[in-house]
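S.K.: Okay, here's the structure, questions in a sec.
The values are calculated or read from the model by the stated rules, or taken from the named source; none is laboratory data. As the structure is a prediction and not an experimental result, all values here were calculated from the model. So basically every Cβ, Gly included, is an ideal-geometry build from the backbone, and we count neighbours across all protein chains shown. Keep in mind that these areas ignore ligands, DNA and RNA; they rest on the heavy atoms of the full protein, side chains included. Shrake-Rupley method; radii C 1.70, N 1.55, O 1.52, S 1.80 Å.
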Amino acid sequence: MIELNKKYVFHVPLYKYKDEELIPIDMDDILDELIDEFYQNGYDSLYMTNIETYYKYRFLTEILISIFVSTERLAKENQEFPDRIFKKWFKKNNKILEQEAFAYEYNNKMFIEKL
């Protein structure tokens, strides 16, 4: 039996708030880039869920990307941790995403980083 005892959930926005309007983000290319980066680092199984969320009096849609891994898997040499991959991707693409912060969960704790 395999036990995957670490869980990451990455919050990917599908809208940006600009000039008091919600504007859809063209995610196709940059989302593929994130998934490719996970895959290149050995995270080849993930779950993507579309959800509706409520933030600052606004309802919007986002994607949650969940990745389950084992402690041993995270200890492998020359492997980027999933949260580092997500942070780099988000900061690199924030000119497109135009967010004030990003969020991810790790083992039932939420982490929010302002940009």
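S.K.: Answer yes if at least one residue in the range 24-32 is of a type outside the set (S, T, N, Q), at pLDDT below 95 and part of a helix (DSSP H, G or I), and no otherwise.
M.R.: Yes, that holds for at least one residue.
S.K.: Within the set of pairs 6+ apart or on separate chains, which have a first residue in the range 10-25 that is farther than 29 Å from PHE68 by Cβ, a second that is open to solvent by less than 30 Å² (accessible area, probe 1.4 Å) and at pLDDT 95 or above, and C-beta atoms under 6 Å apart?
M.R.: Matching pairs, first to second residue: LYS16/ILE25.
S.K.: For ILE65, state whether it is modelled with pLDDT of 95 or more, in a strand (DSSP E or B), open to solvent by less than 50 Å² (accessible area, probe 1.4 Å) and not small (Gly, Ala, Ser).
M.R.: yes
S.K.: Can you find, within the range 46-59, the residue that is nearest to the chain's Cα centre (by Cα) among those that are surrounded by fewer than 11 Cβ atoms within 10 Å (Cβ to Cβ) and in a loop (DSSP other than H, G, I, E, B)?
M.R.: Across the range 46-59, the extreme among qualifying residues is LYS56.
S.K.: Which pairs turn up if I take residues in the range 56-67 that are polar (S, T, N, Q) and look for partners that are open to solvent by 20 Å² or more (accessible area, probe 1.4 Å) and not in a strand (DSSP E or B) with beta carbon separation below 9 Å, at least 6 apart in sequence or on another chain?
M.R.: THR61/LEU14; SER66/LEU46
Here's the yes/no breakdown for (1) modelled with pLDDT of 95 or more; (2) out of contact with any strand residue (DSSP E or B) (no Cβ under 8 Å at 6 or more places or on another chain):
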residue: TYR55; (1), (2): no, yes
residue: THR61; (1), (2): no, no
residue: THR71; (1), (2): no, no
residue: LEU74; (1), (2): no, no
residue: ASP83; (1), (2): yes, no
residue: ASN93; (1), (2): yes, yes
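Condition check ((1) surrounded by 15 or more Cβ atoms within 10 Å (Cβ to Cβ); (2) polar (S, T, N, Q)) across all residues:
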| site | (1), (2) |
| --- | --- |
| VAL12 | yes, no |
| GLU21 | no, no |
| THR61 | no, yes |
| LEU97 | yes, no |
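S.K.: While we're on this one: Taking the range 68-92 only, how many residues are open to solvent by 100 Å² or more (accessible area, probe 1.4 Å) and either closer than 21 Å to ILE112 by Cα or touching a Leu at 6+ places or on another chain (Cβ under 8 Å) (or both)?
M.R.: Total satisfying the criteria: 4.
S.K.: Just to verify a result, which residue in the range 26-42, among those that are open to solvent by less than 70 Å² (accessible area, probe 1.4 Å) and without any contact (Cβ under 8 Å) to a residue 40 or more places away in the chain, is farthest from the chain's Cα centre (by Cα)?
M.R.: Among residues in the range 26-42 that are open to solvent by less than 70 Å² (accessible area, probe 1.4 Å) and without any contact (Cβ under 8 Å) to a residue 40 or more places away in the chain, the one farthest from the chain's Cα centre (by Cα) is GLY42.
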